[in-house]
1. For a quick check: with amide H placed at 1.01 Å from N, whose amide H comes under 5 Å from A:S99's, ignoring anything fewer than 5 positions away on the same chain?
2. Between A:E189 and B:E189, what FRET efficiency comes out of the Förster formula 1/(1 + (r/R0)^6) with R0 = 51 Å and r the beta carbon distance, rounded to 0.05?
3. For the range B:88-158 and the range C:110-131, what is the centre-to-centre distance using only Cα atoms, to the nearest Å?
4. Quote the FRET efficiency, to the nearest 0.05, computed for A:D209 versus D:R134 with a Förster distance R0 of 41 Å and r equal to the Cβ-Cβ distance.
5. Can you work out ³J(HN,Hα) from phi for every residue in the range D:157-162, in order, using Karplus 6.51 cos²θ - 1.76 cosθ + 1.60 and θ = phi - 60°, giving whole Hz and x for Gly and Pro?
6. Per residue, how much accessible area does chain A have with a 1.4 Å probe, in Å²?
7. Label-point separation (nm) for C:A19 and A:D231, each offset 7 Å from Cα along Cα-to-Cβ?
8. To the nearest 100 Å², how much accessible surface do chains D and C hide from each other in total, with a 1.4 Å probe?
Amino acid sequence: MSHRTLAGTGLVVGYDRARPVLDGAALTVPAGRRLAVLGANGSGKTTLLRCLSGALRPLAGTVTVDGVPLRHSRAGLRAHRQEVQLVLQDPDDQLFSASVAQDVSFGPLNLGLPEETVRARVAEALALLAVDHLAARPTHQLSYGERKRVAIAGAVAMRPCVLLLDEPTAGLDPSAVAETLAALARLEEHDSTVVMSTHDVDLALRWADEVAVVVDRAVVQGAPLDVLGDDVLLARARLERPWALAVGARLRELGLLPGGTLPRDAASLLAALPDRPGVPT
Amino acid sequence: MSHRTLAGTGLVVGYDRARPVLDGAALTVPAGRRLAVLGANGSGKTTLLRCLSGALRPLAGTVTVDGVPLRHSRAGLRAHRQEVQLVLQDPDDQLFSASVAQDVSFGPLNLGLPEETVRARVAEALALLAVDHLAARPTHQLSYGERKRVAIAGAVAMRPCVLLLDEPTAGLDPSAVAETLAALARLEEHDSTVVMSTHDVDLALRWADEVAVVVDRAVVQGAPLDVLGDDVLLARARLERPWALAVGARLRELGLLPGGTLPRDAASLLAALPDRPGVPT
Amino acid sequence: MHIAEGFLPPAHAIGWTVAAAPFVVHGARAVVREVRENPESTLLLGAAGAFTFVLSAIKLPSVTGSSSHPTGTGAGAILFRPPVMALLGTVVLLFQALLLAHGGLTTLGANAVAFAVVGPWTGYGAYRLTRALGAGLLPGVFVGTVVADLATYVTTSLQLALAFPDASGGIPAAVAKFLGVFALTQIPLAIGEGLLGVLLFRALTANARPELERLGLLRPAPEAAP
Amino acid sequence: MSGLAIDDAAWSSAWRRRSPADKLVLCLGLVVCALALPAWPGSGLVALTATVLALGPARVPPRTFGRAVRWPLAFIGVGALTAVVQVGGGGLGWAPDAAARAGSLTAHAVAGSTAVLLLATTTPVSDLLPALRRLGVPAAVVEVASVVYRLLFVLLDSLRTIREAQTARMGHSSVRRSYRSSGALAAAVLVRSWDRARRLQEGLAGRGMDTGLRVLPEVLPSSRAFLAATLVGLGAIVTAGTVLA
């Protein structure tokens, strides 16, 4: 397991060549950088991730890992799946074993690893996601947030270089979101590059190193402050400007925020504001 | 159809009397006021709504509509359901028919209304939710957001005085959230009082007239600015302070915001800020 | 192996429809009675039918590299009982004809006899017999699903042989012919379906014990020590 | 997109708003012609008519129609060949009139299949179920069938997603693993189906479900012109089919 660069170029993806979901989309996930894939519902975020994971074969275009193109042969897919893992949005569609530990062991067992190694990997994945206390529980007794994290653990046990997460925070309350983000930070330290799709622009702004917006069947990628500050692009993508950028830009005009990059969330905005009234920096 | 006051007092709800989900919860939904029920996942939001809707019989306590207690007899529940309708979070739990219009007709037909009236109600409900263009589409081809709105239309066609929505915006992108909120505003004009559960504190702040937080098996109800400004309560409830309150309070300290109520969202915050630097109001 | 539309001569199509009718009507009566007593069982029965349809959409790999689909008749009969399967199986066959172009409308009766009557009844019988002989749930399921699949295929072969007797050997030779040709695909498939049945029920005993107990397939377990 | 091409075609067909009864008369008429008329030219006329109507006025995508015929063709091919092989004294041989019999059998079956396909690609199953009610099928049975129709899409969706998730985690990388995964898949879908039914029941109870799943019937009026054209067309096929035979 080590960070790898996953990329797609010229991707045409869809069921109908006349009306593809993505048409000429390109995306690069630089090794070790956090990428947020943004887009409205139905824009093609999930399709893009499925294509990058190898689950969906593009009608045209190439997916590469560290420059090496993915071949959609049995062996090619097998190799790809050990490097790139996708976790889908609905955890119920990924948990199919009786108990949490059993479910997480599914992937490593299929890799043909010896039992001891599997056991170690399961324990590691559960610990990384902070769900080790649930190991013996039946999957159907878990809460939604717990099921989501166990589903991620199932992919993590495969030790992927790149982990693609489809809407990992959708439907979670703030504390569950915080726990999920903490788990993702641990995964990065464990040398997995993390990509998440979301339509939460505020979350993307505060989490991501890079942002890719899926819009009009293509992908626009760039630095979060640039992409999420582009009102024209966001309107086309049916997204909103993150509040922190809107409010931060105005406060800078008012002379209340220093130069440099704008704060990305409430805490850093508050920290950047002057302490006393009437003393613009 | 007219606004009514729905209330619950001393509600003990749960499957196990020794460990109820709610224990002595009280809540009042004043006629015509928007109430947001906030709480972390698993706090008992859904249980509370199910109890108020009559779907779950409380172990103790009373549910009243305009002061009249709900009786859990067949006739009592029947009468209650004409006044109070609950829309579940997962639209697939409510949509059973292949066609959208037919699904929406189910409730009114069960009320024993003549066919012509049912037809009119279906058309009205679809129009209120802005899904009339989907009337002839099969349910299984709809997107998640469309299914959610059709499920709400199915309850609206019953012409309830109070409409309870469990997480109506969960999983929706910003534009779908805006459309749902617009539809809810139309319902209010049609004299339905609307209650929604959510864990999105920012949404609750900008939408609700009153807020009820489900915490420690009880309910704390009050004005949004009071309840959502109470950091101790929010921490107990595993929720966050809305950014607009945190940032707004600080900007007022800095003399940048006028007195009165704090702005509830980015647009009104920006509008309330002074136009030129260095001129605190 | 659904008999395609137009494949059977009209007299045979009518004959098999008449033969299937009493079983399907019996199943329909059972369903109507059940729904009258518990209105909500409409949804459970619908879910059972949808599951049977979806079960036959599962791709089973075969050693030869090609893949095939299970009939679902045996597992369905063990889970939902043959009378109900006579009706649900016929509904599923109607849906397969209209949604997948598998089978047909005038051949619905013939296919119902094979898939919704003979398959489920013999499979269920084999399951009960195996259990009565002292075998556990999983061996019973294996025998039941294999027998149901084979019985379905033998019935279809008989139906084809009756419609198209051999020019010189008559019906017995035709039976041998059709059995022989379809055996190539059906015998591995029957064993595959038996394996799938065992794996399905093994997973269910781990995941859904209470449901299996309610269906009467498992004895309620003694209270586990805490 | 539901993922079932025939169903998608039916919902977007230009004939979707036509009365299901009209379409039933046409398609069942064609099926009866396919069965009853001599193969030449009756079956040819039926197959041609059904295909032209589907691809022309009903605007069914040719790709969908073509793919849908493939499955019955495989059965028809193998079945027809088996029927005309003769088991002789020393082994297998062709029956005396093998070519003619195989041709006739194939023609009848292809004609019948295309006629049913014309119905299937222009009429959603949910439009046909009320017709069953009028044919005397009990309401409870029709309601069960309509729930089957709704839930099978929900379950098919689960089936596909779970399978994809299993494949991503190498669950189908060998025959042995694929069997194990398929067993878990079937069990998961069955448990989902029970769960769905339970949750739907609660959802519908809130909307006043008492006795059944009654919904407003959709009004799809019958067209005299369509019925007249159907009768004339079927008459022409019967005449041509008997006179030219």
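1. A:T139
2. Calculated transfer efficiency: 0.45.
3. Answer, in whole Å: 41.
4. 0.05
5. Running phi through 6.51 cos²θ - 1.76 cosθ + 1.60 with θ = phi - 60° gives 4, 4, 4, 5, 5, 4 Hz.
6. Here the per-residue accessible area is 39 Å².
7. 7.6 nm
8. Summing both sides, the interface buries roughly 6100 Å².
The values are calculated or read from the model by the stated rules, or taken from the named source; none is laboratory data. Note that the structure is predicted; figures quoted are calculated from it, not measured. When we count neighbours, we look across all protein chains shown, and the Cβ atoms used for this are built from the backbone with ideal geometry, even at glycine. With ligands, DNA and RNA removed, areas are computed over all heavy atoms of the protein, side chains included. Shrake-Rupley method; radii C 1.70, N 1.55, O 1.52, S 1.80 Å.
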